[in-house]
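One structure is given here, and the rest of the page talks about it.
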Amino acid sequence: LIFNAVEAMPEGGTITNRTRNDNNHVLLEVSDTGVGMTEEVRQRCFEPFFSTKGEHGTGFGLTLAYGILQRHEATIDIDSEPGKGATFREMIKWIRQS
């Protein structure tokens with residue numbers, strides 16, 4: 001997610017990472033001030049081979065991140081608008097060891 005945030009800011013910008021405990025879940029947010037995504041791109045960004053980078057992208061970065069989150073029974077939401085950056089929000093169940 002951080003690499004994608006960096007690539008979304010070709011002119012520079014800010015990446016903000018936040019974590020918190022939310023009712024036995026860990027919430028992780030990765031936000032950037034980059035180019036943002038259209039609704040179509042947002043809907044497709046986790047699809048294998050989907051890339052907005054042309055020949056420079058494989059379309060596997062977000063697909064792999066999504067797969068890892070699914071294996072941990074996590075959820076992911078995206079807020080984004082063109083020109084206003086993006087925020088990826090992951091919710092992962094916190095399992096306490098006794």
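The values are calculated or read from the model by the stated rules, or taken from the named source; none is laboratory data. Nothing here was measured: the structure is a model prediction, and the numbers come from that model. Please note: Cβ atoms are built from the backbone with ideal geometry, for glycine as well, and neighbour counts cover all protein chains shown. When the accessible area is computed, the model is the full protein with side chains, heavy atoms only, and any ligands, DNA or RNA have been set aside. Shrake-Rupley method; radii C 1.70, N 1.55, O 1.52, S 1.80 Å.
Points to keep in mind about this one:
- Average accessible area per residue (Å²) across the chain - probe 1.4 Å, nucleic acids and ligands excluded: 72 Å²
- Within the accessible area of the chain (1.4 Å probe), percent carbon and sulfur: 52 percent
- Furthest towards positive pole of dipole, S51, Q70, S80, structure part the chain, Cβ charges: Q70
- The dipole here belongs to the chain: it is taken about the Cα centre, uses +1 on the Cβ of Lys and Arg and -1 on the Cβ of Asp and Glu, and is about 420 debye.
- 37 °C / 0.692 mPa s Stokes-Einstein diffusion coefficient of the stretch 13-69, Kirkwood radius on C-alpha pairs, µm²/s: 248 µm²/s
- Stokes-Einstein D in µm²/s, Kirkwood radius over Cα pairs - the chain at 37 °C with 0.692 mPa s viscosity: 232 µm²/s
- Rounded to 10°, Cα long-axis angle of helix 61-71 versus longest principal axis of the chain: 20 degrees
- Dipole magnitude of the stretch 1-51, debye to nearest 20 (Cβ charges: Lys/Arg +1, Asp/Glu -1, about Cα centre): 180 debye
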